[in-house]
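Data first, discussion second: the structure below is written as structure tokens.
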Amino acid sequence: MLVDVERLGGLDAAFLYFETPSMHMHVCGLLVLDPSTMPGGFAFDRIRQLLLERHPLMPSMSRRLAVAPFNLGRPYWVKDPDFDIDYHVRRIGVPGPGDDRQLAEVAGDIASRPLDRSRPLWEMWVIEGLANGNVAVMAKMHHSTIDGISGANMMVYLFDLDPAAPAPAVVDEAPAERMPREIELFGRGALETLARPVEIARLLPRTAVRLGATLVGLGRRRGQGITAPFTAPRTSFNAAITAHRTIAFVEVKLEDVKTVKDACGVKVNDVVTAVVSGALRRYLQGRGELPEKPLVAAIPVSVHDQMAGSEGATKISVMFSSLMTDVADPRQRLEAVARHNEQAKEVHKMVGADTLMQWAEHAAPNTFSLAARLYSSLRLSERHPVVHNLIVSNVPGPPVPLYMAGARLVGLYPLGPIMDGAGLNVTVLSNEDRIGFGFIACRELMPTLWDLADAVPEALAELIAAVAPDASSPEAPGDDAAEPTPVTVDASGSSQEP
């Protein structure tokens, strides 16, 4: 039986249109594995075989793009008839002494290279030679194929709950996809282009009503410190970016974060955001660059529940919140961050969680691709007010031990994309009893990124010291301290709290 091919969702396609030689739209994950639990010891072929056996369970891993002539209309996913696992699963060694910084150097070099659009849009690099005997895997996937929810679903297939888990059941070969001819792709794209003005005309009234209601709501909240885009101060990492990436990572104890949460009656997400804020404050102070105005974070938000049944793998929106980096007292900063996070959610609801998704459905490929390249080449991000300073995303991870090809997962650091004008992304993910912070930035804008990562434990210790007298206070009503609060979703990250 032949099945029709799948069209990319609007936001999936937009991530392709906005990609430039310096602004890569892939997301990464750095996985650190302890191979001592692998039956028979570490073997690269075990990881390769696992991916070969399980990639049929994840259709996006064997599908490539089919683009209409003249880039007319959105692309389609088609099964790659020449799929070769050895192109996607690669092996590399880390230089001595093989510590975290050498690992980050290798990971940064991998993240600096765009994915080949003529093949399925993913790679996994097995990195050997770490000083402590561990092995790392650098996973890289294009944002058009994955967001936080779909990424979490993919982990189900890649990881096991037992190091000696049996091989998965044989998967029936998927029905052959009907490969569209160029003339058919052209026809579909032409119809999509002709329908676009009509669809936009239908969307405009709804958007106008939402924006009107939002302006009224903001007027009522005047003086409450609502955070808006284009109000962020400029820092050294708010400039045009290059293709070169630098990476750093660090982890803290989940128990320490929950200690602060319980003492102050806030959410895990608020504490994590305050830790990022404190680390940024220390980093900028150390460079003599701390601005008087607080930094503004763009926070991706999952809208899978609002967009159920719609096309595409990526279903996210974004909200803007103040990091309150101008507040010196750590406890006051945390409380202010919590207030601004709540206000940001209210504003996001006013605008409509699905607004970005709906407008992305009508993005014109050639127009948006040309605009993105001109914006990048002319360095226009340096000529208008800063939209936001950085992306901050907090991902709820699995609270149980996980194994990949028998090797236990002992470190998990997500890494999202950066963009012109905001050359830093901080993505945070919990796993078992720890929380991993993944930092990725433009190398030229943040050559000392490890200084920021090293400031994270200091910022958390500062918060613990500030709330120590209240550390035994009862937890906030209705706040479950037994499990980490599920917060944001997206290894680009996408954020959401219940």
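The values are calculated or read from the model by the stated rules, or taken from the named source; none is laboratory data. The shown structure was predicted, so the numbers you read here are calculated from the model rather than taken from an experiment. Backbone-built Cβ (ideal geometry, glycine too); neighbour counts: all protein chains shown.
Of all the residues in the range 336-370, those that are over 30 Å from Pro294 (Cβ atoms), at pLDDT 85 or above and more than 22 Å from the chain's Cα centre (by Cα) number 1.
Here's the yes/no breakdown for (1) free of Cβ contacts under 8 Å to residues at least 12 places away in the same chain; (2) not in a loop (DSSP other than H, G, I, E, B):
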| residue | (1), (2) |
| --- | --- |
| Ala13 | no, yes |
| Glu19 | no, no |
| His24 | no, no |
| Cys28 | no, yes |
| Leu31 | no, yes |
| Ser36 | no, yes |
| Gly40 | yes, no |
| Arg46 | no, yes |
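Across the range 101-112, a minimum of one residue is classified as of a type in the set (A, V, I, L, M), under 21 Å from Pro21 (Cα atoms), in contact with a Leu (Cβ under 8 Å, 6 or more places away or on another chain) and crowded, with 22+ Cβ neighbours inside 10 Å. Quick one: in the range 384-423, of everything that is under 16 Å from Ser321 (Cα atoms) and not polar (S, T, N, Q), which residue is farthest from the chain's Cα centre (by Cα)? Looking at residues that are under 16 Å from Ser321 (Cα atoms) and not polar (S, T, N, Q), I get Val386.
Restricting attention to the range 281-305, and to residues there that are part of a loop (DSSP other than H, G, I, E, B) and out of contact with any Lys or Arg (no Cβ under 8 Å at 6 or more places or on another chain), which single residue is modelled with the lowest pLDDT?
In the first step, residues of the range 281-305 are kept if they are part of a loop (DSSP other than H, G, I, E, B); the result is 287-295, 303-305.
Next, only the ones that are out of contact with any Lys or Arg (no Cβ under 8 Å at 6 or more places or on another chain) stay: 287-289, 292-295, 305.
Working: Arg287: 95, Gly288: 96, Glu289: 96, Glu292: 96, Lys293: 96, Pro294: 97, Leu295: 98, Asp305: 61.
Filtering first and then ranking leaves Asp305.
Determine which member of the set Leu50, Leu72, Leu65, Leu8 is among the aliphatic types (A, V, I, L, M) and closer than 30 Å to Ala104 by Cβ.
Numbers: Leu72 fails: closer than 30 Å to Ala104 by Cβ; Leu65 fails: closer than 30 Å to Ala104 by Cβ; Leu8 fails: closer than 30 Å to Ala104 by Cβ.
Answer to the check: Leu50.
Among the residues of the range 237-276, count how many are closer than 12 Å to Leu452 by Cβ and either surrounded by fewer than 23 Cβ atoms within 10 Å (Cβ to Cβ) or of a type outside the set (Val, Ile, Thr) (or both). Going through the range 237-276 one residue at a time, the tally reaches 4. Is there a residue being among the charged types (D, E, K, R) and either modelled with pLDDT under 90 or touching a Leu at 6+ places or on another chain (Cβ under 6 Å) (or both) anywhere in the range 22-40? Within the range 22-40, not a single residue is among the charged types (D, E, K, R) and either modelled with pLDDT under 90 or touching a Leu at 6+ places or on another chain (Cβ under 6 Å) (or both).
So for the range 291-301 (the condition being under 25 Å from Gln332 (Cα atoms) and of a type in the set (D, E, K, R)), does at least one residue qualify? There is at least one residue in the range 291-301 that is under 25 Å from Gln332 (Cα atoms) and of a type in the set (D, E, K, R). Note on the range 418-451: among residues that are modelled with pLDDT under 95 and part of a loop (DSSP other than H, G, I, E, B), the one that is surrounded by the fewest Cβ atoms within 10 Å (Cβ to Cβ) is Asp433. Run Phe70 past the list (1) surrounded by fewer than 19 Cβ atoms within 10 Å (Cβ to Cβ); (2) at pLDDT below 85; (3) outside any helix (DSSP H, G or I) and report the number of the one that doesn't hold. For Phe70, the exception is condition (3).
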